[in-house]
1. From the list VAL201, VAL180, exactly one residue is in a helix (DSSP H, G or I), open to solvent by less than 60 Å² (accessible area, probe 1.4 Å) and not hydroxyl-bearing (Ser, Thr, Tyr). Which is it?
2. Residue check, PRO93 against (1) modelled with pLDDT of 80 or more; (2) not in a helix (DSSP H, G or I), all met but one. Which one?
3. Just to check your reading of the model, which residue among THR57, THR12 is within 15 Å of the chain's Cα centre (by Cα), polar (S, T, N, Q) and surrounded by 15 or more Cβ atoms within 10 Å (Cβ to Cβ)?
4. Which one is farthest from HIS30 (Cα to Cα) among residues in the stretch 124-135 that are open to solvent by 30 Å² or more (accessible area, probe 1.4 Å) and assigned to a helix (DSSP H, G or I)?
5. Return yes or no: is ALA171 touching a helix residue (DSSP H, G or I) at 6+ places or on another chain (Cβ under 7 Å) and crowded, with 18+ Cβ neighbours inside 10 Å?
6. Restricting attention to helices (runs of 4 or more DSSP H) lying wholly within the stretch 1-61, give those where 2 or more residues are more than 19 Å from VAL162 (Cα to Cα).
7. Suppose we filter the stretch 22-35 for residues that are crowded, with 21+ Cβ neighbours inside 10 Å and in contact with a Ser or Thr (Cβ under 7 Å, 6 or more places away or on another chain); how many remain?
Amino acid sequence: MGTFALIVGLLTLTPGLDSALILRTAALRHRRRAWGVVLGIQSGTLVWGVLTSLGVTTLLTASHLAYEALRWAGAAYLVWMGGRLLWATWRPPSIESSRTAETEGGARAGAGAGDTLLGGWRQGFVTNLLNPKMGAFYAAVLPQFIPSGASHLAPGVLLAGVHILLAVIWACALIAFAHVLRDRLQRPSARRQLDRITGTVIAAFGIRLALGQ
C-alpha cells in the first residue's frame, strides 16, 4: 500500500485540471463551491475505484470504441467549459454588473448565486468521470496492488480511499493558498485574468485529450 500511496501521491501533486478548478473556485471566494468541486472529484475517483475493482474498466481499455466515445465526450466537455470561461472574460460587462463588482464586499462575494456545494460537486464529478485516462490509470495500476485470490471490491475501494485521502489533503492546501490570494482577485480585471488562465488550461486539457495525448 505504501508504494500505491507514493504513486497516487505524486499523481495528485502533479499540476493538472483538478488543481486548476479548485484554485480558481476557491480564489473567487466560492468556498462552498470549492469544497463541492473537491467532493465531486473524489466521488469520481471512488467510482473509478469501484468500477476497476469490479473489472468494468477493463472493458474500457479493451474496447477501442468505448474508450474513444468517453475520450471525445470528455474532450468536448472540457473545451466547452474552458471556452465558456474565456468567452465570459471578453464580453463587455453591463453597467449593473460593473456596479455590483465595485460595491461587492468580501463576505458578499463568497455568497453569490454560483457558490453552491451541489454545483461544485456536479462540476468536479463530471470532469473526473469523463476523463478516460483516469479509468485507464486505475485499470493499469490498481489490480497490481490487490492480493491474488482475494475479493477485489474491498481492497480496491480501500486503495481508492487512500488516493482520496491524499487528494483531500492536497485540496486543503490549495484552498488555503487561494484564501491568501483571494483579496487580490476581487478586482474585476484580476478576476478576468484568472478566468482567462483557467479557461485556457481547461480548454487545453480538452484539446490534448481530443488529440489522444
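The values are calculated or read from the model by the stated rules, or taken from the named source; none is laboratory data. Small disclaimer: the values here were computed from a predicted structure and weren't measured. Quick reminder, even Gly has a Cβ in these numbers, built from the backbone with ideal geometry, and neighbours come from all protein chains shown. We work out accessible area using only protein heavy atoms, side chains counted, and drop any ligands, DNA or RNA first. Shrake-Rupley method; radii C 1.70, N 1.55, O 1.52, S 1.80 Å.
1. That would be VAL201, the only listed residue that is in a helix (DSSP H, G or I), open to solvent by less than 60 Å² (accessible area, probe 1.4 Å) and not hydroxyl-bearing (Ser, Thr, Tyr).
2. So the condition that PRO93 fails would be (1).
3. Answer to the selection: THR12.
4. That would be LYS133.
5. Taking the combined requirement at face value, the residue satisfies it.
6. Qualifying helices (runs of 4 or more DSSP H): 17-27, 31-53.
7. Residues meeting the conditions: 3.
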